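Below: one structure in structure tokens.
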Amino acid sequence: MLQKNNIPPVSELLAEDPNRARDFVCRGGGWTLDFSHIPLTREGLSSLQRLPAACGLDGAVERLFSGAIVNPSEGQPALHMALRANDPFQGLSPEAGADLIAGRNRFLAVADRLHAGETGLTDLLHVGIGGSDLGPRLVADALDEDDSAVRVHWLSTLDGRRFERLCRQLDPATTGLVIASKSFSTEETLEQARAARDWLGADWTRRSWAATANVDRAREFGLDDDHILAFPAWTGGRFSLWSSVGVSAAAVVGSQRFRALLAGAEAADLDFHGQPDANGLAVLIGLLVHYLRRELDCSTLGIVSYEPRLALLADYLQQLFMESLGKGVDLDGKPVDGPTVPLIFGGLGTDLQHSIFQALHQGPDTHPLILVGAREADHEHPDWQRRQLAHLYAQASAFANGRSDGEPHQKLPGSRPVATLLVDRLDAGRLGWLLATLEAAVYALSVVWHINAFDQWGVEEGKRLARDFRNRLKDG
């Protein structure tokens, strides 16, 4: 890989440039990205930094925030940033902005009642898939302080055994239901929602809510308007965490922490809007992914968390990146001029060290990594946090520098692209900032590649075919 591109080994780049560790760093929102261990020369970095201007990123970002149609295949804007804005959002009318804030206050009031135990519920079934599951579940897992009156059980794929197990374990009289579906037509969601409705009993509507953009279908399902938490149709599924789809996560963490999450995300939006260039973390991450994919021809990207509260980050980013950027034609309907999204994989760092890291260190293929961690512990085992960080730094060093001594089977080639992304202390605001920044990175990358980041026609075709095969199976 490096030989093909005439790039010196990372160990050589580090040794010959004493300022590299200082200069190949970018900070924002409490996070620090160190990309000094990616095989990238200063000349290569300068070339990358010229891309945003060459691609017209300034204008593209302005179109995004102004509410222009940036999803032409569906004729929609992408205003998910408005879902977390406290101040009037430029892309919306004052009336629409006021409606958004009223809707936010409404679903957070429901969440607070659940969190405080005012509903009498002890458990909550959250039925949703894709963006109606991954984002809320990540936030609940990352920010849960075990202070909620309800336990949330996440139901995504059709898993009959798990559903039956929950029905045996839970009391229907003290269990609530959240149905999260933008269209209110998603097969996996509606099948489980019907089963949950039957199990909850005749008074199921009193303790059930729908988070949806299709109010009519929620009504047809049997829900009253008081229990329908609507959000705008322009909300992309993979961005729906910020809408009423986040009600179950907010029930776990409480509205105060959820509002802090939103505030952190809004701060990231302001940063991206005000600085859509390579000096900002969002654009830089997008450019580095571009470099790894198109210049180094790496077809994968690992997101490895050494902060256990971010165990689900890779799952979340898998959808965000691959559904947004996995496109084969550009905005003009022509074949793309190069490879697009890498396959995103990952999980918890020390777990993966005992499973896939052997192949990453010594296998013939190159798999770039971003190692994510928090410097400070938020628990009573600070030594455990230090051990996590020690592993993170050790792996970054081993991937970059390799090992040249010992027997052939002990040697590591090194120069495996690796970056670290660290925060001093993980909290709701910094998590919100990170997630919104990664959304912005995806959009910036879509501008560079001239593709639509907001549709997913490959997903839709799979759904269509599944309906045909389901009918065939039903007919025998």
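Every number in this text was worked out from the coordinates using simple rules, so none of it is lab data. The structure presented is a predicted model; accordingly, all values stated were derived computationally and were not measured. When we count neighbours, we look across all protein chains shown, and the Cβ atoms used for this are built from the backbone with ideal geometry, even at glycine.
Among DSSP beta bridges whose residues both lie in the chain, state the antiparallel percentage, nearest 5.
25 percent
If you don't mind, another one. Local charge sum around residue 323 (other residues, Cβ-Cβ under 15 Å, Lys/Arg +1, Asp/Glu -1)?
-3
What full-extension length gain, to one decimal in nm, is calculated for residue 116 and residue 185 as 0.36 nm per residue of separation minus the Cα-Cα distance?
Full-extension gain reported as 21.7 nm.
With a 10 Å Cβ neighbour count serving as the proxy for reagent exposure, in which order, fewest first, do 299, 240 appear?
Result, fewest neighbours first: 299, 240.
Can you tell me how much longer the chain between residue 169 and residue 219 gets when fully stretched, taken as 0.36 nm per residue apart minus their C-alpha distance, in nm with one decimal?
15.1 nm
If we count GluC sites (Glu not before Pro) as exposed when they sit in a DSSP loop and have at most 13 other beta carbons within 10 Å, what is the longest stretch of the chain that avoids them all?
Numbers: sites that count: 118, 145, 376, 380.
No qualifying site falls inside 146-375, the longest such stretch.
Then there's this: Once you place label points 7 Å from the Cα toward the Cβ at residue 43 and residue 68, how far apart are they in nm?
Between residue 43 and residue 68, the simple spin-label model gives 3.5 nm.
If you find the alpha carbon centre of the range 346-365 and of the range 251-267, how far apart are they in angstrom?
Each part reduced to its Cα centre gives a spacing of 33 Å.
Something else about it: Distance in nm between label sites at residue 343 and residue 380, each 7 Å beyond Cα in the beta-carbon direction?
Between residue 343 and residue 380, the simple spin-label model gives 4.4 nm.
For the range 372-476, state which trypsin sites (Lys or Arg not before Pro) are in a DSSP loop and have at most 12 other beta carbons lying within 10 Å of their beta carbon. Before the final figure, lay out each step's value.
Values: sites: 375, 386, 387, 403, 411, 425, 430, 463, 464, 467, 470, 472, 474; in loops: 375, 411, 425.
Here the sparse-neighbourhood loop sites are 425.
Quote the FRET efficiency, to the nearest 0.05, computed for residue 194 versus residue 22 with a Förster distance R0 of 60 Å and r equal to the Cβ-Cβ distance.
So the FRET efficiency works out to roughly 0.55.
Net charge near residue 20: determine it from the other residues with C-beta under 15 Å of the C-beta of residue 20, scoring Lys and Arg +1 and Asp and Glu -1.
My count for the surroundings of residue 20 gives -4.
Could you give the length gained by full extension between residue 466 and residue 270, i.e. 0.36 nm per residue of separation minus their alpha carbon distance, to one decimal place?
Details: separation 196, 0.36 × 196 = 70.56 nm, distance 4.13 nm.
Full extension of this stretch gives 66.4 nm more.
Another question, if that's okay. In the range 1-56, which trypsin sites (Lys or Arg not before Pro) fall in coil by DSSP and have 15 or fewer other Cβ atoms within 10 Å?
Those satisfying the criteria are 4, 50.
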